[in-house]
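Just so it is clear, none of the values below were taken in a lab; they were calculated from the coordinates. What you see is a predicted model; the values in this text were computed from it and never measured. Heads up, the Cβs are rebuilt from the backbone with ideal geometry, glycines too, and the neighbour counts pull from every protein chain shown.
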Amino acid sequence: MKYVVAYDITHPRRLRRVARICEDFGDRVQYSVFECNLDHFELSELLRQLASEMDLKEDKARVYPIHKDAEKDVISLGCCDIIIDKDFYII
């Protein structure tokens, strides 16, 4: 399933660490927003890693599921591409 991960991290060092974690799991679509295609295990691992790096009293992160039916309704403005998951890949 696809998820949108958005965060607001107060300390620059934690911010860099959280960004690196998100880069391992998905594609950056804005500065602090990622789209991640994850199964249940990967989602659990992402949440575990984020929680271990964040100060849960100061920092914020949200993870929104995007169901397959809703992906076609994404609206994008500006100089960006919509990342569409393919059912297959040619290698």
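Annotations for the structure displayed:
- On Cα atoms only, tilt of 12-25 relative to the major axis of the chain in degrees: 30
- Using a cutoff of 8 angstrom between alpha carbon atoms and counting only pairs six or more residues apart, the relative contact order for the chain works out to 40 percent.
- Gained length - K72 relative to H40, 0.36 nm times residue gap less alpha-carbon distance: 9.3 nm
- The chain: angle of helix 40-53 to the longest principal axis, Cα-based, in degrees nearest 10: 30
- A simple charge model with +1 on the Cβ of Lys and Arg, -1 on the Cβ of Asp and Glu and nothing else charged puts the dipole of the chain at about 380 debye relative to its Cα centre.
- Calculated mean residue ellipticity at 222 nm for the chain: -10500 deg cm²/dmol, from DSSP H runs with n ≥ 4 weighted as -39500 (n - 2.57), summed, divided by the residue count and rounded to 500.
- Distance-filtered residues of the stretch 1-40 - backbone nitrogen under 12 Å, label point 7 angstrom along Y64 Cα→Cβ: 3-7, 33-35
- Modelled spin-label separation between A6 and D24, with each label point placed 7 Å from Cα along the Cα-to-Cβ direction: 2.5 nm.
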